[in-house]
Structures are given as structure tokens and as C-alpha cells.
1. So if I check each of TYR74, TYR107, TYR64, which one is within 16 Å of the ligand (Cβ to nearest atom) and either in contact (Cβ under 8 Å) with a residue 12 or more places away in the chain or over 26 Å from the mean Cα position of the chain (by Cα) (or both)?
2. Looking at segment 77-104 only, could you name the residues that are away from the ligand (no atom under 16 Å from the Cβ) and either among the acidic types (Asp, Glu) or outside the structural domain of LEU245 (by TED's automatic domain parsing) (or both)?
3. Just the residues that are more than 16 Å from the ligand (Cβ to nearest atom), part of a loop (DSSP other than H, G, I, E, B) and either surrounded by 20 or more Cβ atoms within 10 Å (Cβ to Cβ) or outside the structural domain of SER128 (by TED's automatic domain parsing) (or both), please, taken from segment 181-208.
4. Give me a count of the residues in segment 9-35 that are surrounded by 15 or more Cβ atoms within 10 Å (Cβ to Cβ) and either without any contact (Cβ under 8 Å) to a residue 24 or more places away in the chain or under 13 Å from GLY232 (Cα atoms) (or both).
5. Within segment 214-228, track down each residue that is of a type in the set (A, V, I, L, M) and within 14 Å of the ligand (Cβ to nearest atom).
6. For THR150, state whether it is under 26 Å from ILE337 (Cβ atoms), within 15 Å of the ligand (Cβ to nearest atom) and surrounded by fewer than 19 Cβ atoms within 10 Å (Cβ to Cβ).
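The values are calculated or read from the model by the stated rules, or taken from the named source; none is laboratory data. What you are looking at is a predicted structure, and each value in this text was computed from that prediction instead of being measured. When we count neighbours, we look across all protein chains shown, and the Cβ atoms used for this are built from the backbone with ideal geometry, even at glycine.
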Amino acid sequence: MLNNKLSLNLEKIRKDFVILNQKVHGHRLVYLDNASTSQKPIQVIEAINNYYQEYNANVHRGIYELSEKSTHQYELAHRKVAVFIGASFEEIIFTRGTTESINLLAYSLGQNLKPGDEIVLTQMEHHSNIVPWQEIAKRQSAQIKYIPITSEGELDLDAAKKIITDKTKIVSVAHVSNVLGTINPVKEIGQIAHNHNALFIVDGAQSVPNMAINVKEINCDFLAFSGHKMIGPTGIGVLYGKKDLLEKMSPFLYGGDMIREVSFQNSSWNCLPWKFEAGTPNIVGGIGLGIAIDYLKQIGMKEIEDYEKEITAYALKRLQTIEDLVIYGPKDPEKRIATISFNVKGIHAHDLATILDREGIAVRGGHHCAMPLMNLLGITASARASFYFYNTFEDVDALIEGIKKAKKVFKL
Ligand SMILES: Cc1ncc(COP(=O)(O)O)c(C=O)c1O
């Protein structure tokens, strides 16, 4: 059915993801929890190994061979990320992940908020893009407003135009919903935010792994994402920020490496991006993320996007043939990614996930760290199958068979 470069190379690609080649409960592993975290190719695992076996040393400190190599590789990883999203080196800060990136912003930007200022989020945010703002809003007596979603699970742009006003100082929006899979029109929302002189933040946790992203094209002020969702290691993530904004912001964490000079009374800050990377960083995580990016680029983000669209279309089509199965989010594959949340009438999502696990199929069942959205949908949990570029059409078939089996178990 498919003849794009990726699908032709799929067998070879899957060999790089050794973990996929195993049996779970006697069945072939079908890993469909990629929105939660992705698997890692052998190239990333070997890079981590090599670092510890060949050149483990702290960065920006030693003037000996090992430290120089470590520093070079760590800085190179920043450059790779910069090129990957169309930014410059100084604009790439390594954090622990999306959550820490957004906390950094909430802490640093939040200090400037005054009573009555408004922060605009959407009803489809992950807790990581709600809770840090709630805390800052309480501290600064600011207010949070939410852009509503339509019954199709898309953002209501007309409402956004009314909610974002001159009182709005920060607009922070998920590029892609981790529950609904919806791809949000971030360029348009950014334009509305900028028309009111508000800062525009994009949570790219679910978009950067699956789509070709260019921060200049989106014209966001900040972009946050996580390495572990894009075949990189855990504990490493990115905050992109426009250079002039980062220069004006105060640091989030204080200590070693982020300073230029320290006296007993005062300190001054290092240049970007190090001003925001206090202490010994996750060196090996950064290097691993750089290798993950090399891998994604070799396949091509456009190829990944196209292949995942095909998987999405196929999965949606097959899921819709199952009676009493409700899919949340857009039904048009062009409007979403391959993260599909659903419920089967009469089966709790946790039970469904447990039965699927018995068939070797890993899906997530729960609230997906988006409780306000779940409340809005009138549910407490859903099952979520999230596909990545190494998943196959057979994986979709296995999911469908697994759901049918669950229905039989529950005599539905
Ligand atoms: C949209 C979105 N934002 C933020 C996060 C938090 O990412 P992390 O746990 O890597 O910090 C996630 C993780 O699922 C997510 O899907």
C-alpha cells in the first residue's frame, strides 16, 4: 500500500529498536505507548555506552583530553537541536524535559506578572502546561483563561480571538494534544498573541517527535519538548527561546556553570545558553539526544509525518468498524497525529489496557495527565494507542484483534 522511503526501510529500522523484538505474555510485543515515551535505537544506546566507556568527564571545566571531548560532544548536541528546529545555538537550553522547560518559563517570566495580568492556556493542555502557571498565577495574583475546544476536539479560534486581549501577557499552547491527537494552529494563535504583545509559548512535547518543526515559521517565542519522546534518553529536554528574550530573563536555577563571576556578595551570569544550565548537566543525555536527532534526520521528518498519516488513517478506519467504540478528537487524519484515545462502552480503560497487555499490546489507560480535559469530555479515563514511525500496519491489526478479544471477555 505504501511506498515511501520509510515504509520500504521499516524492517531495517525495526532491527535498530532491539526492544521491539521480544515476546510479552507469549505474544509479539506491540508497543503503542509512544506518546508516553518512545523506544531507543541501538545507535542512541551505543552513544550512551561509548560516553561512559571512552570519554566520561565533566563539561566546561577540564582542560584535559577527556573533558574537551565531552564538552565538544555536549555542545555539538545543542547545535544539532538548533539546526533541527531552525534556531541558533545560544537559543537552545537543555533541561530535564518539557515539564522543567515550562517550569523554567513560569518561574522566570512569572516574576514580571502583575495583579490582573492574564495567562491564556487551552482546555487540552497536559498538567505540565497548567500546574506551573496556576502556581505562578496564585503568587502574582494573575488570572488564567482557557481557549475552549469544539465538539470535534479542535481549538475554537473565534473564542481565542476574544479571550486573548491586551490584559494577556502569556499564551501557552500545546502544539499537539497528547489525548486528542489534534494538531493546533499554533501560527495563528501566535499571531493573535503577538497582536496583543503577549509572549507565545508552544508545548512541543507531542509535535517535535512527529513533525518537521521550524520555530521561525511558527514564530513562537519559546518551544518546550522532551528527548525521551523522540527516541532520545530520559532526563533530557529542550527549551528554545528567542535570544533577545532569554537575554532579558533571570535564571531559573543558580550555581555552577551558569555564572561568569562570583564574589562573596554578588554574581554575574554566563552567556547563553549556559546562563540557564546550572550545575553539572545531563551530559550523556544531551549527547544521546544529538544522536537521536541524527537518526530522525536520516529518515527525514517529512517521511515520518507522511508515514504516520497513513497509519493514522488506517487505525481510525479500522477502529471505527468496532461497535460501541468512541474515538476522541478529530476523525480527519490531516488534523491529527497517530495518538488515538478511545473508549469501548462497557469496558473500563484500565481493564481494556490489562487485557491488551495479555496479548502483548502496550497501550495507556488513564487520564493521560490531562484531568481538566477528561472532565470536559465527561470521562475519567480512556485507552490511548499512540503509534510511532517504527510501528506497522500489523500493529494496528493486532490492536483491533485485541479490542475484539476484550469485548468477548466482557461478553459485549
Ligand atoms: C503535551 C505534553 N506536554 C508535556 C508533557 C510532559 O513531558 P515530560 O514528562 O517529558 O516533561 C507531555 C508528556 O506526556 C505531553 O504530552
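1. Numbers: TYR74 fails: within 16 Å of the ligand (Cβ to nearest atom); TYR64 fails: within 16 Å of the ligand (Cβ to nearest atom).
Among TYR74, TYR107, TYR64, only TYR107 is within 16 Å of the ligand (Cβ to nearest atom) and either in contact (Cβ under 8 Å) with a residue 12 or more places away in the chain or over 26 Å from the mean Cα position of the chain (by Cα) (or both).
2. Correct list: GLU90, GLU91.
3. Scanning segment 181-208 gives a single hit, ALA198.
4. 2
5. Of all residues in segment 214-228, those of a type in the set (A, V, I, L, M) come to 215, 218, 223-224.
Hits for segment 214-228 are LEU223, ALA224.
6. Considered against the rule, which asks whether it is under 26 Å from ILE337 (Cβ atoms), within 15 Å of the ligand (Cβ to nearest atom) and surrounded by fewer than 19 Cβ atoms within 10 Å (Cβ to Cβ), THR150 comes out as no.
Residues checked against (1) out of contact with any helix residue (DSSP H, G or I) (no Cβ under 7 Å at 6 or more places or on another chain); (2) more than 16 Å from the ligand (Cβ to nearest atom):
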{"position": "GLU303", "(1), (2)": "no, yes"}
{"position": "HIS348", "(1), (2)": "yes, yes"}
{"position": "ASP357", "(1), (2)": "yes, yes"}
{"position": "GLY365", "(1), (2)": "no, no"}
{"position": "GLU394", "(1), (2)": "yes, yes"}
{"position": "LEU399", "(1), (2)": "yes, yes"}
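Yes/no matrix, rows are residues, columns are (1) modelled with pLDDT under 95; (2) of a type outside the set (A, V, I, L, M); (3) out of contact with any Leu (no Cβ under 9 Å at 6 or more places or on another chain); (4) in the same structural domain as GLY62 (by TED's automatic domain parsing):
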site: LEU253; (1), (2), (3), (4): no, no, no, yes
site: ASP257; (1), (2), (3), (4): yes, yes, yes, yes
site: SER263; (1), (2), (3), (4): no, yes, yes, yes
site: ASN266; (1), (2), (3), (4): no, yes, yes, yes
site: TRP269; (1), (2), (3), (4): no, yes, yes, yes
site: PRO273; (1), (2), (3), (4): no, yes, no, yes
site: PRO281; (1), (2), (3), (4): no, yes, yes, yes
site: GLY285; (1), (2), (3), (4): no, yes, yes, yes
site: ILE293; (1), (2), (3), (4): no, no, yes, yes
